[in-house]
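Here the structure is laid out as structure tokens; the discussion comes afterwards.
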Amino acid sequence: MSSEVKRDPDGQLPYISGHDLESVSNKIAAVTLRPMREMPKFWYAGLFIGVLLLQLLFYAIYKLIVTGTYIWGLNIPVGWGFAIINFVWWIGIGHAGTLISAILFLFKQDWRTSISRFAEAMTLFAVVCAGLFPLLHVGRPWLVYWLFPYPNTMGMWPQFRSPLLWDVFAVSTYATVSILFWFTGLVPDLATMRARATDVWAKKIYHGMSLGWTGSARHWHRYEIAYLLLAGLSTPLVLSVHSIVSLDFAVSLEPGWHTTIFPPYFVAGAIFAGFAMVLTFMIPVRHIFGMKDLLTERHLNNMCKVMLFSGLIVAYGYMMELFFGWYSGSVFERFMVLNRLLGPYDYTYWLLILCNVLVPQALWSYKVRTNPIAVFIICQFISVGMWLERFVIVIISLHRDFLDSSWAMYAGTRWDWAMYVGTMGLFLTLVFLFIRTLPFIAIFEMRELIHKDEHHDDEHHDDEH
Amino acid sequence: MTTTETDFLPNKLKQMQSFALIMGGAGLAIMILSWFAGVANFYQGYLIGWFLALGFALGGLLILCIHNLAHGGWGFLLRRPAEASAMTLLPLMVLFLPIMFSLDALYPWAIRDANGVSVYATDPIVSSKLHYLNHSFIWIRYFIYAIVWVGGARLFWTYSGKQDETGDIVWRQKMRFMAGPMALIYILTLTLASVDFLMSLEPQWFSSIYGVMVASGHMLSMLSFGLVFLTWLSKWEPVKTAFTLERQHDIGKLLFAFIIFWAYIQVSQFIIYWHANLPEEITWYMNRWSPGFNSVSWILVLSQFVVPFLFLISRSTKRNSKTLVFAACFLLVIRVVDMYWMIAPSINIPETRDLYPVATKAMTGSAIHLLDLVGVVTFGSLWFGMFLYYFRQRPILPVNDPYFSLGVQSKEPNA
């Protein structure tokens, strides 16, 4: 087979080969439509761990609501602890999906088709996890609607000049557009599932969700326009959400927060973390569900390149933080640099450099980029590193502020950790339920890719004559 | 095709080169005369012109890195202009020597008293930076920049030339191999060079996004120039066939993306500094908001973002060569305004002068001077002449690149 497959001048294989329109649909739909007893043990194990940790989250939330945020390790001066670290970490992870679906779509990168659906779903789940932290940190989550500006009898308005309010708009817009984008992309596949489902209830649900899709030319035409418009709408959101998250820090006067490189450096960090998380799930899933022909090593290679690129921007950000911290000539800025490198939390900074700067350099090698195990291990380093990055930014800057009489150490309590690990449970649960209930690779886009390849070959053939 | 037609383009390019070099030479003569005459604005005009030209050269180097990494079909068309542009780095670095020899005429930190000690030795902020901002170290950095940039440009030029001769894929792989590290080296050296040559005009001021801001300007310069030049070349073969509507649209989209990126970077810095309103940071904007310069600031915001953004957002303007070239020409003019905006307010503001313990020689001049224009025309012409000198040495398109036919002919761009 491989001798027949056309390679490009660098000897690279195409993104999809050995499939026809029928086989690709069967293969992807089979994951969702097979009987429960045929689901692999990996899926059961993943869901079990997810649900278990989810119970921990529920308990942590219950405990928090009945006792208050003092169960967290917050103090003065560290008034923002795990909640903001975890919020930024999750929101960052939620960036890969939109980047893959919107920006790579506009760049006409065909390889995105295999991973876009999965990455978009992970975006939504990550935003759900992220949203929990500010929601709970307000102390009285049932009054969270006060964050929105609405005419009220109290005559109170939020502070429009605060980036925290911009965050409310940015994250809620992001969540809304991401859901719309994801669902729009799902409609043609839901119709495919409707046609293939044998279970009555499954058929009914897919029927309802596919919104009467018939696959007519008119439907496709409208679908294409809607998808392009949503891609265009989502693109600025990739930049805006994390830029605004970075402004939560940067517009303050705190050394270590107040630096102009923050917006682009946060966006790059988000893409870095997002791709690492997508790969963390993609690699085992492609192995367990036998999807190596749809999620090829070439996909890994490309994703690793994006990860390496965004990682290098992040590394540039670290360098700029240090250099301009020193170059500013301000004693507070310089102290912040020293405190990061040599202070009581210095190990977090050096671990961060190991995880986010040193280890990812292995991705320069093609062999590493196409070795799933190596990539998986590097992704774990990156996920840890990105969490540490937020720890370094938040805690190291806050715990020793301008007034040295107020300095204090900070540590997350078991409830902080329970919330954090609990959101991982929520994420795992949602991901494994998604794998089971919806096609995690866009069937029709893969079919389109096969069609395009065949069509392109014909065209090429014609040219030769 | 007749011989006359075949010779037309090379002859035309040669004529343009001679004209540009003569004009540049004449401009340089005026600059030198003004220096002898002791016109203080000589340095400001020289720096604006030189940095503008450097933007084209370094923009070329960055485009080569991106093209070799990204494989995009658009890159094959821009490759030769980018290579030739990057090759002008050697003469440009030599042309910076007059500034290097008279640092104290432009950079306040370089002024020394009779004992050879910096006048900032007692300034609490700037004195702590003098380990970095001093005569010896800036010379070392200048040589490092020159070696790295010129070396990178030469390597691309050599490999690309070898590929033209042999068509061997190994040369392409070599270019690809060096493109990643070169892009890294580019952004690191450019950041430091921006600090040295531009930011340190106001030695108290700092901003960690500055290098990216300058780099985005370089991309705007080279992409705008590339579009105008390619469209002009497309009157004749071989660019006529290769520069398809799709390719024009691709480069137009790239230009549009960098217009947004430039604005994004500017807004990021502005919001962070405006919101915090710290005296050591806000001065940069205060200088650019002083009478006279505030109108330049408005012109820049409107002309390098609002107007081109609204103009190029439509697909049809990017696919119409006339409108696209009009936008690119407009942006080329605005690049001059941007350079002026980056440099002049740092030198010529009375308030700035009050901040410094010793007013520099350059500060005695007026804000807008004829020599600023002469500097721009001189370096613009010199750069263009040198660019054409290198551009004429090679075939206009890298036809021997194994990806060339795929990249140029494919209807669907792959990057």
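Kirkwood's formula applied to the C-alpha pairs of chain A gives a hydrodynamic radius of 23.8 angstrom. Quick one: in the stretch A:328-382, what % of C-alpha pairs are over 15 Å apart? That fraction is 58 percent.
The mean number of Cβ atoms from other chains found within 10 Å of a Cβ in peptide A:317-330 is 6, as a whole number. Across the options A:Val251, A:Met307, A:Pro263, the greatest Cα extent toward the positive end of the charge dipole of the stretch A:240-350 (unit charges at beta carbon of Lys, Arg, Asp, Glu) belongs to A:Met307. When the surface is traced with a 1.4 Å probe over the full set of protein chains, A:Leu147 keeps roughly 70 Å² accessible.
Using a 1.4 Å probe on protein heavy atoms, which residues of the stretch A:238-283 have at least 40 Å² less accessible area in the complex than alone? Correct list: A:Val251, A:Leu253, A:His258, A:Thr260, A:Pro264. Per residue, the convex hull spanned by the alpha carbons of chain B comes to 136 Å³. At q = 0.05, 0.06, 0.07 Å⁻¹, what log₁₀ I(q)/I(0) does the protein assembly as shown have when each alpha carbon counts as one equal point scatterer in the Debye sum? Taking Cα atoms of the protein assembly as shown as identical point scatterers yields -0.31, -0.44, -0.60.
What whole-number volume per residue, in cubic angstrom, does the convex hull of the C-alpha atoms of the stretch A:333-465 give?
203 Å³
For chain B, modelled as a GNM whose springs connect Cα atoms under 10 angstrom apart, the maximal fluctuation among B:Val94, B:Val301, B:Val336 occurs at B:Val94.
The distance linking the stretch B:161-194 with the stretch B:31-60 is 29 Å (Cα centroid to Cα centroid, whole angstrom).
Sparse packing (at most 16 other Cβ atoms within 10 Å of the Cβ) combined with a DSSP loop state is found for the following trypsin sites (Lys or Arg not before Pro) in the stretch A:234-321: A:Lys292. Taking a sphere under 12 Å around the Cβ of B:Asn134 and counting the other residues whose Cβ falls inside, with K and R at +1 and D and E at -1, yields a net charge of +1.
Cross-link reach is defined here as a Cα-Cα straight distance under 21 Å, omitting same-chain residues fewer than 8 places apart; for A:Lys27 the lysines meeting it are A:Lys41, A:Lys203, A:Lys292, A:Lys452.
Chains B and A together bury roughly 3600 Å² of accessible area, counting both sides, with a 1.4 Å probe on protein heavy atoms only. Cα gyration tensor of the stretch A:98-172, axes a ≥ b ≥ c as square roots of the eigenvalues: rounded (a/c below 1.5), prolate (a/b > b/c) or oblate? In terms of gyration-tensor shape, prolate. What the Cβ-Cβ distance of A:Trp220 and B:Met286 gives, at R0 = 45 Å and to the nearest 0.05, is a FRET efficiency of 0.20. The stretch A:149-212 and the stretch A:257-324 have Cα centres spaced 26 Å apart. I'd like to know which of A:Tyr70, A:Leu322, A:Gly232 lies farthest towards the positive end of the charge dipole of chain A, counting +1 on Cβ of Lys and Arg and -1 on Cβ of Asp and Glu. The Cα lying farthest towards the positive end belongs to A:Tyr70.
Charge dipole of the protein assembly as shown (Cα centre as origin; +1 on each Lys and Arg Cβ, -1 on each Asp and Glu Cβ, all else neutral): 920 debye, rounded to the nearest 20. Comparing Cα centroids, the stretch A:103-141 and the stretch B:232-310 end up 30 angstrom apart.
So if we plug the beta-carbon distance of A:Ala195 and A:Leu433 into 1/(1 + (r/R0)^6) with R0 = 22 Å, what FRET efficiency do we get, rounded to 0.05?
Between A:Ala195 and A:Leu433 the formula returns 0.50.
Put a dot 7 Å past the Cα of A:Thr69, heading toward its Cβ, do the same for A:Tyr347, and the two dots end up 2.8 nm apart. The long axis of helix A:217-250 is offset from the longest Cα principal axis of chain A by roughly 20 degrees. Scalar couplings 3J(HN,Hα) for the stretch B:314-326, obtained by applying the Karplus form with A = 6.51, B = -1.76, C = 1.60 to θ = phi - 60°, are 7, 4, 5, 5, 7, 9, 9, 5, 5, 5, 5, 5, 4 Hz; x denotes Gly and Pro. Annotation for the stretch A:98-163: chymotrypsin sites (Phe, Trp or Tyr not before Pro) lying in DSSP loop with at most 10 further Cβ atoms inside 10 Å of their Cβ are A:Phe160.
Per residue, the accessible area of chain A comes to 43 Å² when a 1.4 Å probe rolls over the protein heavy atoms.
For chain B, a Gaussian network of Cα nodes joined below 10 Å ranks B:Ser381, B:Ser136, B:Ser18 by mean-square fluctuation, and the top entry is B:Ser136.
Once you list every other residue whose beta carbon is under 9 Å from the beta carbon of B:Asp401, what net charge do they have if Lys and Arg are +1 and Asp and Glu are -1? Result for the local shell: +1. Amide H contacts of B:Ser208 (H built 1.01 Å from N, in plane; Pro and chain starts excluded): A:Thr260, A:Ile261 sit under 5 Å, all sequence-distant by 5 or more or on other chains. Just the protein heavy atoms count here, and of the accessible area of the protein assembly as shown at 1.4 Å, carbon and sulfur take up 69 percent.
Across peptide B:272-285, the average count of Cβ atoms from other chains found within 10 Å of a residue's Cβ is 3. Interface residues of the stretch B:124-173, defined as a loss of at least 40 Å² in heavy-atom accessible area between the chain alone and the complex of all protein chains with a 1.4 Å probe, are B:Ser128, B:Lys129, B:Tyr132.
Placing unit charges on the Cβ atoms of the charged side chains and taking the dipole of the protein assembly as shown about its Cα centre, the candidate lying farthest along the positive direction among A:Phe181, B:Pro91, A:Ala191 is A:Ala191. The trypsin sites (Lys or Arg not before Pro) of the stretch A:129-209 that DSSP puts in a loop, and whose beta carbon has at most 12 other beta carbons within 10 Å, are A:Arg161. Label reach from B:Ile22 (point 7 Å along Cα→C-beta): in the stretch B:385-401, amide nitrogens under 18 Å belong to B:385-389. Using the Cβ-Cβ distance between A:Arg414 and B:Leu302 with R0 set to 51 Å, the FRET efficiency works out to roughly 0.35.
The values are calculated or read from the model by the stated rules, or taken from the named source; none is laboratory data. If you're wondering where the values come from, they're calculated on a predicted model, not measured in any experiment. Heads up, the Cβs are rebuilt from the backbone with ideal geometry, glycines too, and the neighbour counts pull from every protein chain shown. Just the protein is used for accessible areas: all its heavy atoms, side chains included, with ligands, DNA and RNA removed. Shrake-Rupley method; radii C 1.70, N 1.55, O 1.52, S 1.80 Å.
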